[in-house]
1. Fully extended, how many nm does the chain gain between residue 245 and residue 28 (0.36 nm per residue separation, minus their Cα-Cα distance)?
2. Quick one: accessible area per residue over segment 52-154, 1.4 Å probe, rounded to a whole number of Å²?
3. Expressed in nm to one decimal, what extension gain is obtained for the pair residue 149 and residue 300 from 0.36 nm per residue of sequence separation less their Cα-Cα distance?
4. Determine, for each peptide in 267-273, 251-257, the mean count of other beta carbons within 10 angstrom over its residues, then list the peptides with the highest first.
5. Skipping prolines and chain starts, which residues have an amide H placed within reach, meaning under 5 Å, of the one on residue 77, given they are 5 or more residues away or on another chain?
6. Could you give the length gained on full extension between residue 257 and residue 52, defined as 0.36 nm per residue of separation minus the Cα-Cα distance, in nm?
Amino acid sequence: MNLIIDKLILLVSCLAVYLTGRNYTYEVAPILLAVIFTSLLSYTEQWRTRIVMATLFLLSAFLLPWSCIFLPLISYELLFSKKQWLCLLAIIPLSLFLPQASIAVQVALCVLFLLSGILKHRTIALEQLQKRYFELRDTTKEMALKLKQQNQDLLDKQDNEITMATLGERNRIAREIHDNVGHLLSRALLQTGAILTISREDNQMRDSLSSLKDTLSEAMSSIRASVHDLHDDSIELHNQLKELVRKFTFCPLVFDYSIQHKPGRKLTYALISIVKEALSNIVRHSNATHASITIREHPAFYQLIIKDNGYGQRNLSDQGIGLKNISDRVEAFGGLLNIEATNGFKLFISIPKEENK
């Protein structure tokens, strides 16, 4: 847009000098040539074509001397470019034209050349400034997106660390209760039983000790249930499966986990056991060089796919109790198990959600 405005300014200025500088019948040809050639120079970006166009206009200036008035307009396209030396060729037709022109035209022509240089320099500076602005804007947006992603990663990492710390603390508390309070209650129950055996004749003491034993038994059951709940809550499916993958060194193993809602406690244990059994079968019955575990959550069911590229001799009926255990666990949750033994070995397991929340 700036280029068009600059050319319009130069065209109007050159036209004013052309119309006021001549004292005889005006010729339209120089004006038309100037408009045509400056339009062609703006249209083409190939320097060879531009050189040809500029040369043709210079040649026309020899035939129509007053075309020199429009040389600042033509020179505008070449200034501050790789081929700006072409502007020096304008000296040849100018040397023939200026002696015939009045002093006012000579001065006006010099001003027009100066104006052409100033306008071109200003436009180039504005374009460079605009380019730097766009680059800075894009860089800022990119950095903002990266910063946002890094902040999100830090938040996710922090949440994961908090979750792991919470699960670890629950596990520790469960062990403390089991190892300390549980053992003390067990000892108290044994001691109460021993005293009951000794105090057979004292009915009143026997009744009191029986009541005490019942209370201790109830407390023991309550603590045992609490310990199991704490331990079960500390089992996190993703981390448990990652640990199994880390310990599996038989062949390269790819792990793909995509679950948003944590499965129920029983299903979590079942999935961990199924993966353990499947990995054990790969080690025992396969010559695989690559394996993968994919576990995903769908709107209505969980999907577990375990496959390898092993081509060893496999008879599904002779796999021991491994596949039978997997099948039983899947059936217990109302799921489906499909086995494919071509081009490797694959287990496709799907377990409905609504029954296993």
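The values are calculated or read from the model by the stated rules, or taken from the named source; none is laboratory data. Since we're looking at a predicted model, the values are computed, not measured. All Cβ positions, even for glycine, are placed from backbone atoms using ideal geometry, and neighbour counts span all protein chains on display. These area figures cover heavy atoms from the full protein model, side chains too; ligands, DNA and RNA do not enter into them. Shrake-Rupley method; radii C 1.70, N 1.55, O 1.52, S 1.80 Å.
1. Working: separation 217, 0.36 × 217 = 78.12 nm, distance 8.61 nm.
Gain in length upon complete extension: 69.5 nm.
2. Values: 6530 Å² over 103 residues.
Ligands and nucleic acids excluded, the figure is 63 Å² per residue.
3. On the way: separation 151, 0.36 × 151 = 54.36 nm, distance 3.08 nm.
Length gained between residue 149 and residue 300: 51.3 nm.
4. Numbers: 267-273: 18.7, 251-257: 14.0.
For the peptides 267-273, 251-257, the packing ranking is 267-273, 251-257.
5. none
6. Numbers: separation 205, 0.36 × 205 = 73.80 nm, distance 6.58 nm.
That pair, residue 257 and residue 52, stretches by 67.2 nm at full extension.
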